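Peer 1: Just passing along the structure, written as structure tokens.
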Amino acid sequence: MVRTRYASNGRGEPAALLSTREFKRGMTIDTTNSGVTEYRDIGCGELRRKHAGRTLRLAGWVHRRRDLGGVLFVHLRDRSGLAQLSFGPDWTGEEAAEVASHLSPEDVVQVSGKVVERPSDAINEDMATGEVEVLVSEIRKLSGSDSLPILVAVPPEEQLPSEELRLKHRILDLRRPEMQQNFIVRHRATQAARKALSDRGFLEIETPFLTRRTPEGARDYLVPSRIHRGEFYALPQSPQLYKQLLMVAGFDRYFQIARCLRDEDLRADRQPEFTQIDAEMSFVGEEDVYATCECMLTRIYDEAIGADLETPFPRMTWAEAVERYGTDKPDLRIPWTLADMTEELTGIGFGIFDSVASDGGRVRGVVVPGGAGLSRKQLDGLDKVARDAGAKGALWIKRTDEGWSGPVAKILGDGAGDTVAAAHEIAPGDLALLVAGPDRESGPALDALRRAAAAELEAVDLESPRWLWVTDFPLFEEDPETGRPAPMHHAFTMPKDVTPDALKADPYTVGSRAYDLVLNGTELLSGSIRCHDAALQRAILSVIGMDDEEIDARFGFLLEAFRYGVPPHGGFALGLDRLVAMMVGASSIREVIAFPKTTAARGLMEGAPSAMDPQLLAELGLRPA
Ligand code: ASP
């Protein structure tokens, strides 16, 4: 999987792109940044044995200093990595020694000195530049640093400061080599996407930020118009309608690294603004879109982290995913699938199962091989997982050499256990986690149980990435709040083989041409072949609750465009923040966004949002003058 690749640094020298293993070790950051400038001859992280004997200038931040009395060592840092400087009486002048003796972490300096090979016992294998050091003869302090509110050079064994502090002092946090590495990967991923799409004939076209409200399922951020009092622009939740209109306008293939803004109640790993690789294509079916995405992702992985992807990715219909895994985002790294045990577990004297079944629900379970070793406490934890996922709870049964144990063990002892064990391959040493209820409750609970049990047992290969196309989504699902049909993807998705009248008469039975791409149980990309038929589009909007007047007011421009010849079209949007976070192994997308908001939607560094001057509000008509 891991391979190191090389690219030129523009000066005829090969500059190493790092392998993922090197990223993890933080050996060096980026040697493609060799900019020779007025201040420096080479990047700190670029020094190698071949430079020994040369006198070179470096510029950067004081990362760490170690005073050994007589000799002073400083790690100098710039984006390319770390270099060891050494100051000593035999090679450093008095003036320079004086400056060096007062250096503080994060002072910015320029040095000049001779690069020398380190003696073999002083070679530092964990540093890309560890075979050499610079004997500094001159130093110039370019600017000083006050004492630091958070450390940049966090020792590996020490924990990072709280996220609140990191976000407040984001500039210092971003200086950490690990963070710089994240943004280098992000840059490479973005460039690779651009190249991949451009090479396939996609044009990069920008779409407006000040737009009209359109539904993407979330709340809009609104911008008051000063010129048109009482009217508002909406910030785009995605460029969805613009990109479709670009197809109607004949551009054939479009892409954009697009910022999307959604005023959602923030969940742990969401951001009010996030970035999508957004694309649309004309005259295409699903296969064309899948091939484009796979080609783009292959290039991204190759160029950003030097990893190979195996394509084509496997596929599964939505119906199969939901039946076998309880979710439309199955984590295929965990092999256990859901089983319908209703037949074996009803009519055996357990009232709850019987009543669930007579209400149209099912008793479903997941068999966890080797799971009988989980403790009572771990099993209680799993019960909570099921409840948190919306079920009434989970029941567990263990099969051991002695028989059954668990809350329903007694009933299983009477022969029912043999039947269920034979039907669902429950062997001694196994655990089965059961959830009874309507599928919409048991599915998410069993999905959560699968993931939680896999984590508890550490028995599943969580390292190898598993990609999956999920296809053939229904067009609508029931909105739990309103009880009305709501689009499962969005309202501009092409329904499958249906007339406008039939769609209105029986919306829940209509299929759609939407697809998602899932990586390790996380949805990374979604898209669809679009509805390009005005009558069908009207029918969809009417099913989700709009009358003709509202449809014309809000989507008249789209339906109007559809009157003048529309190419069949489709596209996708890929969550760039999430993709990069997964590539660098970050736990949150905030690690790969330079200036993210907190989960409470605040920018802690700059202090956003902020109260507004009453006069400005009056100018906008938001308060009396
Ligand atoms: N606009 C959609 C989204 O943001 C993606 C697409 O259908 O292309 O989810």
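Peer 1: Could I have the simple spin-label model distance between Asp146 and Asp340, label points 7 Å from Cα toward Cβ, reported in nm to one decimal?
Peer 2: Inter-label distance under the simple model: 6.7 nm.
Peer 1: Less than 13 Å Cβ to Cβ from Trp396, Lys/Arg counted +1 and Asp/Glu -1: what total charge do the surrounding residues give?
Peer 2: Taking every Cβ under 13 Å from that of Trp396, the sum is +1.
Peer 1: Quick check: Cα centre of region 436-484 to Cα centre of region 156-213, how many Å?
Peer 2: Rounded to whole Å, the Cα centres lie 29 Å apart.
Peer 1: Semi-axes of the equivalent ellipsoid of region 85-225: what are they in whole Å, largest first, if each equals the square root of 5 times a C-alpha gyration tensor eigenvalue? Numbers along the way, then the final one.
Peer 2: Values: eigenvalues 399, 100, 54 Å².
Values for region 85-225, descending: 45, 22, 16 Å.
Peer 1: Another one. How large is ³J(HN,Hα), in whole Hz, for each residue of region 222-238 in order, when computed from phi with the Karplus curve 6.51 cos²θ - 1.76 cosθ + 1.60 and θ = phi - 60°, using x for Gly and Pro?
Peer 2: Values per residue, Gly and Pro as x: 10, 10, x, 8, 6, 6, 10, 3, x, 10, 10, 8, 10, 7, x, 6, 5 Hz.
Peer 1: Given the C-alpha centroids of region 498-550 and region 383-421, what is the distance between them in whole angstrom?
Peer 2: 40 Å
Peer 1: How large is Rg over Rh for region 337-390, taking Rg from the Cα atoms and Rh as the Kirkwood inverse mean of 1/r across Cα pairs?
Peer 2: Checking Rg against Rh, the ratio lands at 1.02.
Peer 1: I would also like to ask the following. Please report the spacing between the Cα centers of region 279-349 and region 555-625 in Å, no decimals.
Peer 2: Cα centroid to Cα centroid, the span is 27 Å.
Peer 1: So what is the relative contact order for region 406-529, in percent, with contacts set as C-alpha pairs under 8 Å and at least six apart?
Peer 2: 20 percent
Peer 1: Ok, one more. List every residue whose amide H lies under 5 Å from the amide H of Ser512, counting only residues 5 or more places away in sequence or on a different chain, with H placed 1.01 Å from N in the peptide plane.
Peer 2: Phe473, Leu475, Lys496
Peer 1: What Kirkwood radius, in Å to one decimal, follows from the Cα pairs of region 228-378?
Peer 2: 20.9 Å
Peer 1: A further question follows. Apply the a/c threshold of 1.5 to the C-alpha gyration tensor of region 131-177 and tell me whether it is rounded, prolate or oblate. Show your work: numbers first, answer last.
Peer 2: Working: a/c = 3.22, a/b = 1.68, b/c = 1.92.
Here region 131-177 falls in the oblate category.
Peer 1: Checking the a/c ratio against 1.5 first, then a/b against b/c, what shape does the Cα gyration tensor give for region 46-91?
Peer 2: Here region 46-91 falls in the oblate category.
Peer 1: Averaging sequence separations of C-alpha pairs under 8 Å and six or more residues apart, then dividing by the length of region 192-327, give the relative contact order as a whole percent.
Peer 2: This gives 22 percent for region 192-327.
Peer 1: Report, to one decimal in Å, the Kirkwood hydrodynamic radius for the chain based on all distinct Cα pairs.
Peer 2: 28.6 Å
Peer 1: Could you grab the relative contact order for the chain? Cα pairs under 8 Å, six or more apart, rounded to a whole percent.
Peer 2: 12 percent
Peer 1: For region 472-625, with every protein chain kept in place, what is the accessible area per residue (1.4 Å probe, Å²)?
Peer 2: Numbers: 6940 Å² over 154 residues.
That works out to 45 Å² per residue.
Peer 1: Kirkwood hydrodynamic radius for region 568-625: how many Å is it when counted over pairs of different Cα atoms?
Peer 2: Numbers: mean 1/r = 0.0671 Å⁻¹.
This gives a value of 14.9 Å.
Peer 1: Kindly list the residues of region 193-232 that lie in the label zone of Glu273, defined by a backbone N under 17 Å from the point 7 Å along the Cα-to-C-beta vector.
Peer 2: 206-212, 219-224
Peer 1: Placing +1 on the Cβ of each Lys and Arg and -1 on the Cβ of each Asp and Glu in the chain, which of Val115, Ala339, Gly417 has its Cα farthest towards the positive end of the resulting dipole?
Peer 2: The Cα lying farthest towards the positive end belongs to Val115.
Peer 1: Still on this model: With the full set of protein chains in place, find how many percent of the accessible area of region 340-479 is carbon and sulfur; take the probe as 1.4 Å.
Peer 2: 48 percent
Peer 1: So if I take the alpha carbon set of region 195-298, get Rg, then get Rh from the Kirkwood formula, what is the Rg over Rh ratio?
Peer 2: Result for region 195-298 is an Rg/Rh of 1.03.
Peer 1: Same structure, new question: Suppose every Lys and Arg Cβ carries +1 and every Asp and Glu Cβ carries -1, with no other charges. What dipole size does the chain come out with about its Cα centre, to the nearest 20 debye? Don't skip to the answer; put the middle values down first.
Peer 2: Numbers: 74 positive and 97 negative charges, 327 e Å.
It comes to approximately 1580 debye.
Peer 1: Sticking with this one: Please report, in debye to the nearest 20, how large the charge dipole of region 460-531 is about its Cα centre when each Lys and Arg carries +1 at its beta carbon and each Asp and Glu carries -1 there.
Peer 2: Dipole magnitude for region 460-531 comes out near 300 debye.
Peer 1: Same structure again: Take region 308-377, compute every pairwise Cα distance, and split them into 5 Å bins from 0; I just need the percent in each bin.
Peer 2: 3, 13, 17, 16, 18, 16, 9, 4, 2, 2, 0
Peer 1: For region 515-625, what class follows from the C-alpha gyration tensor (a ≥ b ≥ c being the square roots of its eigenvalues): rounded when a/c is under 1.5, otherwise prolate if a/b is larger than b/c, else oblate?
Peer 2: Oblate shape, in that a/c is at least 1.5 and b/c is the bigger or equal ratio.
Peer 1: I've got another one for you. Let me check I've understood the local charge: for Leu266, count other residues with C-beta under 13 angstrom from its C-beta, Lys and Arg +1, Asp and Glu -1. What total comes out?
Peer 2: With Lys, Arg at +1 and Asp, Glu at -1, the neighbours total +2.
Peer 1: 222 nm [θ] for the chain, helices only, -39500 (n - 2.57) per DSSP H run of 4+, per residue, to 500?
Peer 2: -8500 deg cm²/dmol
Peer 1: What is the sum of charges around Tyr508, taking Lys and Arg as +1, Asp and Glu as -1, for the other residues whose C-beta is under 10 Å from the C-beta of Tyr508?
Peer 2: -3
Peer 1: About its Cα centre, how strong a charge dipole does region 31-170 have in debye, to the nearest 20, once Lys and Arg get +1 and Asp and Glu get -1 at the Cβ?
Peer 2: In debye, rounded to 20, region 31-170 gives about 420.
Peer 1: Place +1 on the Cβ of every Lys and Arg and -1 on the Cβ of every Asp and Glu in region 425-516, take the dipole about the Cα centre, and give the residue among Gly483, Ala455, Ala436 whose Cα lies farthest towards its positive end.
Peer 2: Value: Gly483.
Peer 1: Using alpha carbon coordinates only, what is the Rg to Rh ratio of region 367-475, with Rh defined as the Kirkwood radius? Can you show the working numbers first?
Peer 2: Numbers: Rg = 15.1 Å, Rh = 15.0 Å.
We get a ratio of 1.01 for region 367-475.
Peer 1: When the solvent-accessible surface of protein heavy atoms is calculated with a 1.4 angstrom probe, in what order do Lys597, Lys410, Lys329 fall, highest first?
Peer 2: Of Lys597, Lys410, Lys329, the descending order of accessible area is Lys410, Lys329, Lys597.
Peer 1: Strictly greater than 22 Å: what percent of every Cα pair in region 424-567 meets that?
Peer 2: Of the Cα pairs, 55 percent sit more than 22 Å apart.
The values are calculated or read from the model by the stated rules, or taken from the named source; none is laboratory data. Computed from a predicted model, the values in this text were never measured in an experiment. Cβ coordinates were reconstructed from backbone atoms using ideal geometry, including for glycine residues, and neighbour counts include every protein chain displayed. These accessible areas exclude ligands, DNA and RNA; they are computed on the full protein's heavy atoms, side chains included. Shrake-Rupley method; radii C 1.70, N 1.55, O 1.52, S 1.80 Å.
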